[in-house]
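As structure tokens, the structure follows; a few thoughts come after it.
The values are calculated or read from the model by the stated rules, or taken from the named source; none is laboratory data. Keep in mind the model is a prediction, meaning the values are calculated, not measured. Glycine gets a Cβ as well: all are built from the backbone with ideal geometry, and neighbour counts include every protein chain shown. Surface areas here come from the heavy atoms of the whole protein model, side chains and all, with no ligands, DNA or RNA. Shrake-Rupley method; radii C 1.70, N 1.55, O 1.52, S 1.80 Å.
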Amino acid sequence: MGRAFEYRKATKFKRWGNMARVFTRIGKHITMAAKNGADPDTNPRLRALIQEAKSENMPKENVERAIKRAIEKDKADFKEVVFEGYAPHGIAVVIETTTDNNMRTVANIRSYFNKFNGSLGTTGSLDFLFEHKCVFKVKDNGMDLEELELELIDFGVEDIFKTDEGEIVIYGPFDSYGNIQKYVEDHNMELVSGGFDRIPLDTKEVTPEQHAEIEKMLAKIEEDEDVTNVYHNMR
């Protein structure tokens with residue numbers, strides 16, 4: 001087991017706070033993916049996101065509306081923007097957003113850092129602290145984990161582990177997304193989700209009081225409707 005296992009086991013795969021936010025996050029990802037083709041049969045990323053939407057019980061009409069938004073020229077043009085900076089006590093934070101108003105999002109993100117005594121950095125300034133990985137979750141239908149790991153070694157897969165929720169999590173290199181998804185689908189595994197993650201190369205220890213202070217900032221950022229993912233290197 002590697003760094004992804006230890007980090008994600010510790011964070012317990014923290015879920016988003018409520019169903020509405022889950023649907024909003026997935027919907028924006030679907031819109032972005034559909035820009036590369038609205039047919040899930042020819043767009044693997046879109047296909048995986050639709051499956052994730054199903055696993056989260058997202059209504060079909062929400063999925064269809066998200067795809068339609070990508071192909072209608074009169075609709076707002078969503079863009080993916082990444083923000084990087086430091087929370088209090090030197091904790092690195094990377095924030096992924098999907099926004100139709102970059103000025104609004106920049107202002108909001110900057111205000112969160114300022115309010116909690118953090119510092120917003122420049123894009124790319126913290127890339128060296130995180131590894132960008134692809135990650136898949138599949139239903140654990142009694143598969144032999146060691147056998148599965150051996151078969152996926154050729155795809156560069158680094159971490160495979162089971163969760164308490166009855167799922168198997170597969171981590172691999174960022175550019176192996178398509179190959180791993182093809183393997184999962186070809187072997188009729190029940191895909192729960194397929195996406196990307198940022199794993200810190202090293203984590204930083206803080207006191208319980210500092211941890212609580214930083215968590216307040218992270219929680220505030222996650223509440224923003226433009227934010228899709230938040231990563232940090234706090235242990």
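Which one of Phe196, Phe161 is at negative phi, of a type outside the set (Val, Ile, Thr) and touching a Cys at 6+ places or on another chain (Cβ under 8 Å)?
Details: Phe161 fails: touching a Cys at 6+ places or on another chain (Cβ under 8 Å).
Just one listed residue meets the conditions, Phe196.
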Scanning the stretch 190-212 residue by residue, those crowded, with 18+ Cβ neighbours inside 10 Å and either among the acidic types (Asp, Glu) or in contact with a Ser or Thr (Cβ under 9 Å, 6 or more places away or on another chain) (or both) turn out to be Leu191, Val192, Ser193, Asp197
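Within the stretch 70-161, which strands (runs of 3 or more DSSP E) (wholly inside it) include 3 or more residues that are in contact (Cβ under 8 Å) with a residue 60 or more places away in the chain?
Values: elements: 79-87, 91-99, 130-139.
In the stretch 70-161, the matching strands (runs of 3 or more DSSP E) lie at 91-99, 130-139.
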Subset of the stretch 213-227 [open to solvent by 10 Å² or more (accessible area, probe 1.4 Å) and either under 13 Å from Arg110 (Cβ atoms) or outside any helix (DSSP H, G or I) (or both)]:
Lys220, Asp224, Glu225
Filtering the stretch 155-189 down to residues that are touching a helix residue (DSSP H, G or I) at 6+ places or on another chain (Cβ under 9 Å), open to solvent by 30 Å² or more (accessible area, probe 1.4 Å) and of a type in the set (Asp, Glu) yields Glu158, Glu185
Here are Thr122, Thr105: which of them is surrounded by fewer than 19 Cβ atoms within 10 Å (Cβ to Cβ), closer than 18 Å to Val230 by Cα and not basic (Lys, Arg)?
Thr122
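Answer with yes or no whether Arg235 is surrounded by 19 or more Cβ atoms within 10 Å (Cβ to Cβ) and basic (Lys, Arg).
Working: surrounded by 19 or more Cβ atoms within 10 Å (Cβ to Cβ): no; basic (Lys, Arg): yes.
Against the criterion (surrounded by 19 or more Cβ atoms within 10 Å (Cβ to Cβ) and basic (Lys, Arg)), Arg235 does not qualify.
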Extreme residue, nearest to Lys182 (Cα to Cα), among residues of the stretch 154-171 that are in contact with a strand residue (DSSP E or B) (Cβ under 7 Å, 6 or more places away or on another chain) and modelled with pLDDT under 90
Phe155
